[in-house]
Amino acid sequence: MPEENVRVAVRVRPFNSREKTLNSTLIIDMNGNTTQITDPSGNDEPRKFTFDFSYWSHDGCKENNGYYEPDPSKPNGKKFADQKSVYNDLGVGVLENAWGGYNSTLFAYGQTGSGKSWSMVGYGVNKGIVPMFCDNIFQQINDKKNSGDKTEFEVTFSMLEIYNEQVRDLLSKSSSRGGLKVRQHPKQGFYADGLIVVPVASYDEISKRIAEGTTNRTVASTNMNATSSRAHTIVGITFQQKFINAAGEETAKTAVVNLVDLAGSERAESTGATGDRLKEGAAINQSLSCLGNCIAALAEKSSGKNTRVPYRDSVLTKLLKNALGGNSKTIMIAALSPADVNFDETLSTLRYADRAKQIKTTASVNESATDKLIRELQEENERLKKMMESGNFEMIKQDDDDDDLTDEEKRQEKEDRESEYASMLEKNKREMEEMKKSFEQRLAERGDSDTDFNAVDAKKKTTPHLYNLNQDPQLSGRIVHFLEGENITIGSSSAEGEVNIRIVGPSIQPKHASFTVAENKWTIEPTAPHSRILHNGKAVGTKEDMVHNDRLQFGTTQFFVYCNPKERDSSKINYPDISYDDAQQEVARKSGLGMDKEAKSRDEALLQEEMVKAVPAVQQANSISEELDKKLKFEIVVVSPEGRGETKGRSIVMVKVTHLETKFEWMWPFQKLLNRMYVMQEMYDELLEGEDVKRTEEEDPFFDDMKCDFYIGSVKLWLKSMAYLIESKDQLSVCDYQGKEVGLLNYEIIPCDAKGKEYTDADDIFVEVPEELLGSKDGVHFKLKIVSARGLPMKFVDVYAKYTFFTGEKVYETKRLPATNNPDWKYEMKHDQADVSLPFLDYLKEGAIMIQIYGKQKIQKPKKHINTKDALLSSALTKGQMGAGKSKALDTDKVKYMMEAAFLRKRQERLEQKLHAMKKMLDEAEKHNKKKISTSLIKQIYNASTADAADKCIALIPQEKDDDDEDDVSPSAATVPVAVTDKKGGKKDKDSSSSSDSSDSSDSDAEKKEKKKAKKLRKKQKKAKKLRKKQKVEEKQQEKTALKNQSKLVRQNTQGKIPIVKKDEKKSSACILL
């Protein structure tokens, strides 16, 4: 069969509750097969992608007996894609391929919560592709049989999960440590050795097996503290048709169908993960990363490039090799989130799908005579036996991906070869035996599922019980513990003695809690001194009554809901369904971290969302630290942008990690804890298995570098003074991540020329309107001096400061000073902006430089040995907090108002000086009966840098020529009439008495030119005056607000007090009138 491209479909779902809470906007649009995504920031143009199918399932539907179908009356009703239309396009093709004898694979890809499971499995009457495919294949088999078709039909089922590069058989209750081995067959390719494959005769049997696999998956996930969203699930269905061909031979046509639900594709480099040595914690992200690499390589290969495809780099890509580039017809459905908050992940998914559609596969019909198959297996077994006896093993070579094996891969291949061939020998033997049996014999031998799910469902309707909650909605309710008898004890799996319910997890005591019943009312109480139990989010200390739908948490990971059917059925209360997220939010609300308040903005909602995830994660980290005695304590802190040393952003959750013996501290981004949590869980599982949990420093998730730089605090320097070219010198508080003052910083910002010469008051470069700097030929130049810091914490050495400027492309850093908490850096850096643009001017007017101070903590030897569990129990943890800490909000306005007050004080001094000089000029002109003053002299007086300089210019007024001496006036000196006030208060023009005389005489040519120049000058002055007036109007309200805030601040602040002067008091011009 010729090559064909992988078929790719994308599907967008409705907003979920989280996205609605965040008031999300829609970023996805679809028109035909084209999908468009819009950047919510507006930085980039909308991007368009074309796929085989673009399914719009965001809106435009109505509910009909629980089924969501298109509603033509709604705007998008005609393009709404329901479950049936998706199946008709994708699932029917898979079904047709199976009947034709072609292998098929269907992928579901997308971030967690994007709707993969909705398309693959569905819920209730909205069945997904998997159940509809399984149902239809048996319907068609029955139709064939009823029509008299003599073909024998055989269907087998398998279900596996890949988690942390380990393969788990979901049809097996017992799972060995390390999972199943993945081996390679020369013809069949990679396979999971020992995977249970059961024959099934109906869709109901497949449903039971899926339920069994899902339950086993839940138990394994719970026992291993695994995160289900990080696991890949592969449902394998083998469909075989046996018939007599034209030559009279019994022939088998076989099709293998893989239905793959991939793990959540959220980016590993999300906040805080970048740079961490355990970023790909416990190989959690390895499979998806390798899958992406294989898809990219296959896309290049399809375009003609000779590219090696790295199938061997992960377990997932080994098992899916045929689906990606071999004998298979492959379909990918990518699930999209419609919300702007998930823009990056959604764009990544679209790019992933766009690459996948370029891949080409070549599928062939898997048809062969049964006798021939048996003969080939026998011959292969004989060849394998001879190789094993001689020890001369041949390399298994299946495809061109083996041509470029590295030496290390070849060495590993040789080491595994003996066990590989032994496994193949056994596999071939089993296959030959199975071929000789009838399908009915195999059905009889398979054995039924250990659990009668129908009986369990019936019992749940009458008997009080606990059912589990899981992050994955499909796994919630799969574990059921019935409360039968008068007293039920719950404890750890390793507990001795009578324990009715055994659970696995951190902080679970051997006998953790007990349930007792009286008159159909159940109560719960702890049975160990430090049993960690939360009842509806609150810690349980004594016996408490339980009512239907109560939420229970045992240890740090086990969540259950108490269900009492009789109480529920007799009550008039409409009890809501409880989800894992509901239980987590309840714990977070009652943790004492301010989560009980309703979010007023998107930033607050995102912060609360992080808190909901952080509370259980920190609890679990502390519990595992206790179990492994790692001497570490984890606490939640909420840090503002200023607390992180950033000028913008929102408050985020961080994790403070403290070594209990040395008191050494680290601040981890929350994502760093999540990534390391996978390895922490691994270590805890190894502890339960009795294995050695030691790790090297590089592999230990609890280890962090004690020589790393620690963020001490920061200072925010506002640059508004530079917009007026006024120097700024001050001492400001250094605040840590909690907003607490941890020292003082002395700094200077001084304007200078292009060569670095600092301007002084005598240079008088002050500008009244910042816009005067736009396009200035001289540009803006200033020096930032980080002089020193005082009073920093004593525990730090090698202290230094750093910052970025304007574009943030370069980091400026002071020298590191050891062994002092009062560093004198004497750092100086000149910043130049030759072209003053509007963005740069806005940066000066409204922006700031954030100076961050770092240092290394002194490493101290522990004074005494501390037991982690005892130390955490004795620490001052509030009830329900479970290791969480609070942080004080940083007063971000205080420093800004202090700096504005200093700037306004200097600006007022300059303006008052100019005003005073103008008043003295008028007084002097009136004193000497001057009718006119030359504009050049007025300009000199106005721009005088000091009062003495202005007085020297004013002293020249008597020498100014009046009308009587007009002939002596320089033609280049324009004059301005001076209006004076007579004793009666009326105005008179001293030049009016001579106006008639001057009008009679004719002007010389030079005088006419001078008048024209004076006229132009007056126009320019008028224009400049209007510009200044407009600017002053705009700044008036800002200054009024700043002065008001300054007044309040000054009264509260003990440092740098500003004298307050009443309007009727004569004080120095350095004071500010408030």
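The values are calculated or read from the model by the stated rules, or taken from the named source; none is laboratory data. What you are looking at is a predicted structure, and each value in this text was computed from that prediction instead of being measured. Positions of Cβ are generated from backbone atoms using ideal geometry, with glycine treated the same way; all protein chains shown enter the neighbour counts. When the accessible area is computed, the model is the full protein with side chains, heavy atoms only, and any ligands, DNA or RNA have been set aside. Shrake-Rupley method; radii C 1.70, N 1.55, O 1.52, S 1.80 Å.
Annotations for the structure displayed:
- Looking across segment 187-219, the residues that are in a strand (DSSP E or B) and either under 20 Å from Gly477 (Cβ atoms) or within 41 Å of the chain's Cα centre (by Cα) (or both) come down to Gly189, Phe190, Tyr191, Ala192.
- Strands (runs of 3 or more DSSP E) within segment 704-797 that include 2 or more residues surrounded by fewer than 16 Cβ atoms within 10 Å (Cβ to Cβ) and of a type in the set (Gly, Ala, Ser): none
- Filter pass, Gly93 being closer than 30 Å to Ser303 by Cβ, of a type in the set (Gly, Ala, Ser) and surrounded by fewer than 22 Cβ atoms within 10 Å (Cβ to Cβ): yes
- Qualifying positions in segment 502-536 - aliphatic (A, V, I, L, M) and buried (at least 18 other Cβ atoms within 10 Å of the Cβ): Ile503, Val504, Ile508, Ala513, Ile524, Ile533, Leu534
- Pair list, Cβ < 7 Å and 6+ apart or interchain, from segment 1-22 residues that are more than 15 Å from Tyr352 (Cβ to Cβ) to residues that are open to solvent by 70 Å² or more (accessible area, probe 1.4 Å) and modelled with pLDDT of 90 or more: Arg13/Trp118
- Positions within segment 448-487 being out of contact with any strand residue (DSSP E or B) (no Cβ under 7 Å at 6 or more places or on another chain) and open to solvent by less than 40 Å² (accessible area, probe 1.4 Å), in sequence order: Ser449, Asn470, Asp472, Gln474, Leu475
- Qualifying positions in segment 872-896 - crowded, with 17+ Cβ neighbours inside 10 Å, modelled with pLDDT of 60 or more and out of contact with any Leu (no Cβ under 9 Å at 6 or more places or on another chain): Lys896
- Per the listing Val638, Val653, the residue uniquely open to solvent by 20 Å² or more (accessible area, probe 1.4 Å) and part of a strand (DSSP E or B) is Val638.
- Every condition in (1) open to solvent by less than 40 Å² (accessible area, probe 1.4 Å); (2) over 29 Å from Lys543 (Cα atoms) holds for Ile490 except the one numbered (2).
- Qualifying position, being modelled with pLDDT of 85 or more, β-branched (Val, Ile, Thr), closer than 28 Å to Gly113 by Cα and open to solvent by 20 Å² or more (accessible area, probe 1.4 Å), among Ile162, Ile196, Ile210: Ile210
- Filtered by the rule that a residue be of a type in the set (Val, Ile, Thr), assigned to a strand (DSSP E or B) and under 22 Å from Ile27 (Cα atoms), segment 317-342 gives a lone residue, Ile333.
- Only strands (runs of 3 or more DSSP E) whose full extent lies in segment 1-63 are considered here, and the ones with at least 3 residues that are farther than 30 Å from Glu604 by Cα and either open to solvent by 50 Å² or more (accessible area, probe 1.4 Å) or out of contact with any Lys or Arg (no Cβ under 7 Å at 6 or more places or on another chain) (or both) are 7-12, 47-50.
A quick yes/no check of all residues on (1) in a strand (DSSP E or B); (2) under 28 Å from Glu627 (Cβ atoms):
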position: Asn454; (1), (2): no, no
position: Gln471; (1), (2): no, yes
position: Gly485; (1), (2): no, no
position: Gly491; (1), (2): yes, yes
position: Val499; (1), (2): no, yes
position: Arg502; (1), (2): yes, yes
position: Thr516; (1), (2): yes, no
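- Qualifying residue in segment 665-684 (condition: closer than 18 Å to Ile866 by Cβ and either touching a Gly at 6+ places or on another chain (Cβ under 6 Å) or at pLDDT 90 or above (or both)): yes
- Leading residue by the ranking (nearest to the chain's Cα centre (by Cα)) among those in segment 537-582 that are of a type in the set (D, E, K, R), within 27 Å of Ala617 (Cβ to Cβ) and open to solvent by 30 Å² or more (accessible area, probe 1.4 Å): Asp581
- Total residues in segment 1-31, condition in contact with a helix residue (DSSP H, G or I) (Cβ under 9 Å, 6 or more places away or on another chain) and not hydrophobic (A, V, I, L, M, F, W, C): 13
- Enumeration of residues in segment 99-141 that are under 24 Å from Glu345 (Cβ atoms) and in contact with an Asp or Glu (Cβ under 7 Å, 6 or more places away or on another chain): Ala108, Gln111, Thr112, Lys116, Ser117, Met120
- Applying the criterion of being free of Cβ contacts under 8 Å to residues at least 40 places away in the same chain and touching a Phe, Trp or Tyr at 6+ places or on another chain (Cβ under 6 Å) to the residues of segment 814-871, the residue that is least open to solvent (accessible area, probe 1.4 Å) is Thr814.
- Residue pairs whose Cβ atoms lie under 7 Å apart, separated by 6 or more positions or on different chains, with the first residue in segment 226-254 and within 30 Å of Gly113 (Cβ to Cβ) and the second modelled with pLDDT under 85 and charged (D, E, K, R), are Ser228/Asp472; Ser229/Asp472.
- Tally of residues being in a loop (DSSP other than H, G, I, E, B), touching a residue at least 24 places away in the same chain (Cβ under 8 Å) and more than 23 Å from Val256 (Cβ to Cβ) across segment 76-108: 2
- Identity of the residue in segment 168-186, touching a Lys or Arg at 6+ places or on another chain (Cβ under 6 Å) and part of a loop (DSSP other than H, G, I, E, B), that ends up modelled with the highest pLDDT: Leu170
- Test: residue in segment 588-605 that is within 17 Å of Gly555 (Cα to Cα), not hydroxyl-bearing (Ser, Thr, Tyr) and not in a loop (DSSP other than H, G, I, E, B): yes
- Test: residue in segment 685-700 that is open to solvent by 60 Å² or more (accessible area, probe 1.4 Å) and modelled with pLDDT of 90 or more: no
- Near pairs, Cβ below 8 angstrom, 6+ apart or cross-chain, from segment 763-781 (more than 19 Å from Ser728 (Cβ to Cβ) and among the acidic types (Asp, Glu)) to any residue that is open to solvent by 20 Å² or more (accessible area, probe 1.4 Å) and at pLDDT 90 or above: Asp778/Asp753; Asp778/Ala754
- Subset of segment 108-144 (residues that are within 40 Å of the chain's Cα centre (by Cα), buried (at least 18 other Cβ atoms within 10 Å of the Cβ) and among the aromatic types (Phe, Trp, Tyr)): Tyr109, Trp118, Phe133
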